[in-house]
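Notes follow the structure.
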């Protein structure tokens, strides 16, 4: 599953994880120095967590940074 965490993504990702789905989360481009609520909740269960600002790697150490995606 690939998500940006909007609307019903959090519960759907947890349900997907129960069924063995891999979770890829893309943190929003809008946040540069703070975590989103969805990011905080989904970070522990993601298989790949992507941030769009290098500064966000400090908040999410296991995240991958590729620059702006959208």
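The table below lists the values:
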read-out	value
Pair list, Cβ under 7 Å, 6 or more apart: the range 57-70 residue without any contact (Cβ under 8 Å) to a residue 60 or more places away in the chain, other residue part of a loop (DSSP other than H, G, I, E, B)	57/63; 59/35; 67/52; 68/29; 68/52; 69/52; 70/29
Residue check, residue 41 buried (at least 16 other Cβ atoms within 10 Å of the Cβ), part of a helix (DSSP H, G or I) and either modelled with pLDDT of 95 or more or more than 10 Å from the chain's Cα centre (by Cα) (or both)	yes
Positions within the range 17-37 being closer than 15 Å to residue 66 by Cα, surrounded by fewer than 16 Cβ atoms within 10 Å (Cβ to Cβ) and in contact with a helix residue (DSSP H, G or I) (Cβ under 8 Å, 6 or more places away or on another chain), in sequence order	32
Candidates 22, 57 - the one that is modelled with pLDDT of 95 or more, over 11 Å from the mean Cα position of the chain (by Cα) and in a helix (DSSP H, G or I)	57
Within the range 1-16, tally of residues that are free of Cβ contacts under 8 Å to residues at least 12 places away in the same chain and either in a loop (DSSP other than H, G, I, E, B) or touching a helix residue (DSSP H, G or I) at 6+ places or on another chain (Cβ under 6 Å) (or both)	2
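The values are calculated or read from the model by the stated rules, or taken from the named source; none is laboratory data. Keep in mind that what you see is a predicted model, and the values were worked out from it rather than measured. All Cβ positions, even for glycine, are placed from backbone atoms using ideal geometry, and neighbour counts span all protein chains on display.
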